[in-house]
Amino acid sequence: MSQIILGRLRGGLSSALGHMSPTAAAVQQVLVAIQRAAAAASAHQLVLQQCPSSCWLGSSSSSMASSSRGMTTMRQVMRGARAGKPARSNATGKALGGSPLRKGICVRVYTAAPKKPNSANRAVAKVALSSGYKVLAYIPGEGHNLQEHSLVLLRGGRCKDLPGVRYRVVRGAYDASPVKDRKRSRSKYGVKRPKQQK
């Protein structure tokens, strides 16, 4: 291709300069410049032919890949990766069915050891809820009177050092008695206000 272009340029130059009678040195300089331009064009075309299409897409070349690492690929766009994650809801789980509280019956009442580094005996009840779920619930406060078949009221709230325990028993509701001798934070443990002594 470059040879054809060079031949045409030579013919056109000689016909254009025929009536001007230029010097041989000037013609030689023009021809050398044309040859250099043709060689550069052919080299550029050869590079374009040898370069794979993937290098223009930025997937095979390490430099291109490093520069486009933060960009989203078409496959990620198709699967919806650019859409943000849905906001976490404050609901504790399916067991409560969207309700703040749920009634249930104790299936088993036992004590469980917490995760490290804590060490204690946590009171836990396995409760069959009215929604049909069976969940583990923490019994807050010191001492309780719950046993199998006791009717309890559950609310959301996990126990951080007990895996799988995501609900709490409401003290002072149904069969769960209030905590005895509790003077502070009474509302959390179902304790009524003590009568004032006159």
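The values are calculated or read from the model by the stated rules, or taken from the named source; none is laboratory data. Remember, it's a predicted structure, so these values are computed and weren't measured experimentally. Note that we place each Cβ from the backbone using ideal geometry, even for glycine, and neighbour counts take in every protein chain shown.
Can you confirm whether Leu146 is at pLDDT 90 or above, closer than 19 Å to Pro114 by Cα, in a loop (DSSP other than H, G, I, E, B) and not charged (D, E, K, R)?
So Leu146 fails the test.
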Can you find a residue that is in contact with a Phe, Trp or Tyr (Cβ under 8 Å, 6 or more places away or on another chain) and assigned to a loop (DSSP other than H, G, I, E, B) anywhere in the stretch 125-138? no
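Every residue, every condition in (1) under 12 Å from Lys103 (Cβ atoms); (2) surrounded by 19 or more Cβ atoms within 10 Å (Cβ to Cβ); (3) not aromatic (Phe, Trp, Tyr), yes or no:
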{"residue": "Val127", "(1), (2), (3)": "yes, yes, yes"}
{"residue": "Gly141", "(1), (2), (3)": "no, yes, yes"}
{"residue": "Glu148", "(1), (2), (3)": "no, no, yes"}
{"residue": "Arg155", "(1), (2), (3)": "yes, no, yes"}
{"residue": "Arg158", "(1), (2), (3)": "no, no, yes"}
{"residue": "Val165", "(1), (2), (3)": "no, yes, yes"}
{"residue": "Ala173", "(1), (2), (3)": "yes, no, yes"}
{"residue": "Pro178", "(1), (2), (3)": "no, no, yes"}
{"residue": "Val191", "(1), (2), (3)": "no, yes, yes"}
Pairing a residue in the stretch 131-150 that is in contact (Cβ under 8 Å) with a residue 40 or more places away in the chain and within 20 Å of Ala120 (Cα to Cα) with any residue that is among the charged types (D, E, K, R) and part of a loop (DSSP other than H, G, I, E, B), where Cβ atoms lie under 8 Å and the two sit 6 or more apart in sequence or on different chains, gives Pro140/Arg171; Gly141/Arg171; Gly141/Arg182; Leu146/Asp175
